[in-house]
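Shown next, in structure tokens, is the structure this report addresses.
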Amino acid sequence: MSDERTAPEADFAEPFLLAVLASGGLDAEYVRGAGNTLYRRGEDGEEIPVLDYVGGYGSLMLGHSNPEIIAYAKTLLDEQTPVHAQFSRHPYAGDVAAALNRIIQRERGDDEQYYAIFANSGAEAVEAAMKHAELDRVLRLTELTEEITRHIEDVREQVAAGAATVPAHLADSIDDLVAEVRAGNETRSARSPLFLTPEGAFHGKLAGSVQLTHNEGYRLPFKALAAQARFVPRDQPGALRKIIDEERSHLLDLVVENGRVRVVEREAPLFTAFVLEPVQGEGGIHELSREFAQEVQQVCAERGIPVVVDEIQSGMGRTGSFLAATHLGLRGDYYTLAKSLGGGIAKAAVTLVRKPLYRGQFELAHSSTFAKDSFSCRIALKVLEIMEADDGAVYRRAAERGERLLTMLRAVRADFPGVVRDVRGRGLMLGLELHDQSAAEAEPLRQVAQSGFFGYFVAGHMLRAHRIRVFPTSSAVNTLRFEPSVYLTDGEIDRLEAALRDVCAIIRDTDGRALAPVA
């Protein structure tokens, strides 16, 4: 098949997105990647190196085309490792799950065990966590309903035997009271479940996971498709408890006390789970506070609400420890991992479920054709081996490189306080937030800012003028993200500094015309 493509044929693949990229000067074609460099195709077909700070949205902790991973992948393919052997033993998946258990137990300092559910992407891993947690909620609700049914029958028998009476203010007869309680419980049991997640959250764009995404542009068009979420403010102590109390659900039960029938309320499980990112990625690179994490941990434990820790972007060593939650003292009932788990070449993701919560029947209710295959699992195992080598040298380097990069970003902010609003993040998951320029005096700058794509125009300039690839976060377009590999060099940091200083000077000193791509 020829490599030549006509323009009409090329436009069949997401043409609207291609037009958006072109408007910001970001419609480059990349033909090769190595380390922190992507090579774009030039007008004459030549390769042009571009320093990549996007890093596959956090998928390239070990860089593009990591030589050790590539060599291992070639060996696996040469050995004809099976990709499709569904409904059989998968010892390689067990090896990945065991390795993850060892790493998490070491990092948390406990012996908690987790069962693994495999997937192909981060959004799918979140969906699996949501589905499993909902199955658990439904089963707990069923158990409560069955217990209440037994209580009702016992009370009915006591009334029939003359051992108990029904107070007149409750009902005329035990049959009327039972009918009323059952009707009320049926209505309450039918309430749609709710999820909890922080404001600014992003957990994917599938039918379920998009309901946990705070950005209304992604969420509202699909609101009718799945269970809804309540978004919890990150900076308001007590807000979580208030939301739970306002939504509180209960069923009615019957008991006999001192020979009289009483109606009592039983707390019913309504909230499926609290889902959170230790460092919010698409929401603008915001690390949750220890105080917020501790409140979530405490309140959810009191109310029996499982905590799902989404480590898809922040995990795999990116923040200087295997789990970003470790920095917050946060312990999950579920963990989701993806992105860098695949070593930059495999589509690998996993949902980890704490053993006491695990429902085995979920394995028959949820499956995926490509998940848990030999190739992706063995690549994931190689990735974990590399990260754990030399007593976790990768984690230490991520912390050191991240601190060096953060120091540079803070220096840029100090020199351009009117342009850079904030610098934040941890390890190699950092963000630089630009001040809103939608009210700028210069019309070209004001127009670019009011377009809603300000960060993308800034990124386009950095690509054209400096051959550096950055993107803003999807729900906070004034925040540029930096998620390079752990092999980031001082020279690559210096190149980024020069590019940032240039673009900041353009915003500060000119009308901003240079930010718009040349037509």
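The values are calculated or read from the model by the stated rules, or taken from the named source; none is laboratory data. Every value quoted in this text rests on a predicted model; they were computed, and no experiment measured them. Methodologically, a virtual Cβ is constructed for each residue, glycine included, from the backbone with ideal geometry; neighbour enumeration extends over all protein chains shown. Each accessible area value is taken on the protein alone, full model and side chains, heavy atoms only, with ligands, DNA and RNA left out. Shrake-Rupley method; radii C 1.70, N 1.55, O 1.52, S 1.80 Å.
Values computed for the structure shown
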read-out	value
Magnitude of the charge dipole, the chain, Cβ model with Lys/Arg +1 and Asp/Glu -1, debye to 20	460
Charge dipole of the chain about the Cα centre (unit charges at C-beta), most positive-ward option of P193, Q236, F416	F416
Protein accessible area in the chain, 1.4 Å probe - carbon and sulfur %	51
Hull shadow area, averaged, region 378-462 [alpha-carbon convex hull, nm²]	7.7
Computed Kirkwood radius, in angstrom, where 1/r is averaged over Cα pairs of the chain	25.5
Protection proxy ranking of 156-163, 49-56 - average other beta-carbon atoms within 10 Å, highest first	49-56, 156-163
Whether region 274-419 is rounded, prolate or oblate, judged on the alpha carbon gyration tensor where a/c under 1.5 counts as rounded	oblate
Extreme residue, positive dipole direction of the chain, given options S321, A164, Y72 (C-beta unit charges)	S321
When region 158-311 is reduced to its Cα atoms, the Kirkwood hydrodynamic radius in Å	18.0
Three-way shape label, region 181-242, alpha-carbon gyration tensor, a/c 1.5	oblate
Net charge of neighbours whose Cβ lies under 14 Å from the Cβ of R464, counting Lys and Arg as +1 and Asp and Glu as -1	+1
Cleavage-rule hits (trypsin sites (Lys or Arg not before Pro)) in region 67-123: DSSP loop, at most 16 neighbouring Cβ within 10 angstrom	R89
Restraint check, K223/K355; K131/K205; K205/K355, Cα-Cα greater than 21 Å	K223/K355; K205/K355
Shape box of region 89-217 [Cα atoms, principal axes, largest first, Å]	63, 40, 31
Gyration tensor verdict on region 421-476 (Cα atoms; rounded if a/c is under 1.5, prolate if a/b is larger than b/c, oblate otherwise)	oblate
Distance between region 373-417 and region 241-300 - C-alpha centres, whole angstrom	35
Dipole moment magnitude, nearest 20 debye, region 44-169 about Cα centre, only Lys, Arg, Asp, Glu C-beta charged	460
Percent of Cα-Cα distances greater than 20 Å, calculated over region 1-159	76
Over the chain: helical MRE at 222 nm, DSSP H runs n ≥ 4 each giving -39500 (n - 2.57), nearest 500	-13500 deg cm²/dmol
Set of lysines with alpha-carbon distance to K74 below 18 Å, sequence-local pairs under 8 removed	K347, K382
For region 345-398: Kirkwood Rh in Å [reciprocal of mean 1/r, alpha carbons]	13.6
Spin-label model distance (nm) - R182 vs Q80, 7 Å beyond Cα toward Cβ	6.2
